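The values are calculated or read from the model by the stated rules, or taken from the named source; none is laboratory data. What you see is a predicted model; the values in this text were computed from it and never measured. When we count neighbours, we look across all protein chains shown, and the Cβ atoms used for this are built from the backbone with ideal geometry, even at glycine. SASA here: full protein model, heavy atoms, side chains in, ligands and nucleic acids out. Shrake-Rupley method; radii C 1.70, N 1.55, O 1.52, S 1.80 Å.
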Amino acid sequence: MQSGVMRVGAVAGALLAVLAGCGFHLEGRTPLPQSMKSAYVQATDQQTDFVQSLRKALLTSGARPAFAKTAASSVVNILKDEVLRRTLSVSALNKPNEYEVTYSVRFSVSAGDKAGGKELLAPQEISATRSYSFDETRLLAKEHEEAILRQAMAHDLADRVVRQLSSL
């Protein structure tokens with residue numbers, strides 16, 4: 001019985017070694033390089049869904065975001081952070097039946113002031129798009145659904161940015 005447990009332990013250990021060797025990481029735990037460990041997030045609006053999600057994603061990845069640009073090892077510049085909504089379909093009465101929401105982010109990364117401020121990552125643009133049905137008799141519920149979609153897209157975009165930052 002003991003040798004069976006030892007075999008299972010050895011197989012599990014070998015499996016973990018293979019997964020670690022191929023670059024596998026648990027979701028949300030993207031290890032960041034030392035240059036990103038004290039990143040400052042610079043944005044015109046610090047309260048958007050994306051900026052808040054990016055800060056959380058950086059913390060989850062082991063970074064301690066700097067509260068001042070002068071103390072940062074790198075600066076993530078949020079150049080664009082916008083949500084657009086457009087009508088996908090309308091009813092016979094010309095009322096919206098379906099909307100599409102697109103969350104777009106444009107960002108770049110530079111070294112902190114201490115490192116000379118050189119560009120580490122040229123401006124990149126990423127976006128996410130979702131659609132949802134609309135019913136004006138359920139207006140509050142549909143507005144809430146759109147807000148949830150925006151938050152989920154912001155979270156997805158923040159995770160994508162952190163994955164790009166991990167490659168610097």
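General remarks:
- Scope segment 35-49; condition closer than 16 Å to SER110 by Cβ and open to solvent by 40 Å² or more (accessible area, probe 1.4 Å); matching residues: SER35, LYS37, TYR40, GLN42
- Considering residues of segment 60-71 that are of a type outside the set (Gly, Ala, Ser) and part of a loop (DSSP other than H, G, I, E, B) only, the residue most open to solvent (accessible area, probe 1.4 Å): PHE67
- You will find that of ALA152, ALA141, ALA122, the residue that is assigned to a helix (DSSP H, G or I), in contact with a strand residue (DSSP E or B) (Cβ under 8 Å, 6 or more places away or on another chain) and of a type in the set (Gly, Ala, Ser) is ALA152 and no other.
- Test: residue in segment 72-91 that is in a loop (DSSP other than H, G, I, E, B), open to solvent by 70 Å² or more (accessible area, probe 1.4 Å) and either in contact (Cβ under 8 Å) with a residue 24 or more places away in the chain or in contact with a helix residue (DSSP H, G or I) (Cβ under 6 Å, 6 or more places away or on another chain) (or both): no
- Filter result for ALA122 (more than 30 Å from LEU139 (Cα to Cα) and not basic (Lys, Arg)): yes
- Qualifying residues in segment 141-154 (those that are within 12 Å of TYR99 (Cβ to Cβ) and without any contact (Cβ under 8 Å) to a residue 24 or more places away in the chain) - the one least open to solvent (accessible area, probe 1.4 Å): LYS142
Matching residues to (1) closer than 30 Å to VAL162 by Cα; (2) basic (Lys, Arg):
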position: SER104; (1), (2): yes, no
position: VAL109; (1), (2): yes, no
position: LYS118; (1), (2): yes, yes
position: PHE134; (1), (2): no, no
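- Residues located in segment 100-119, provided they are at pLDDT 90 or above and not acidic (Asp, Glu): VAL101, THR102, TYR103, SER104, VAL105, ARG106, PHE107, SER108, VAL109, SER110
- Screening ARG130, ARG138 for residues that are of a type in the set (Lys, Arg), under 23 Å from the mean Cα position of the chain (by Cα) and open to solvent by 30 Å² or more (accessible area, probe 1.4 Å) leaves exactly one candidate, ARG130.
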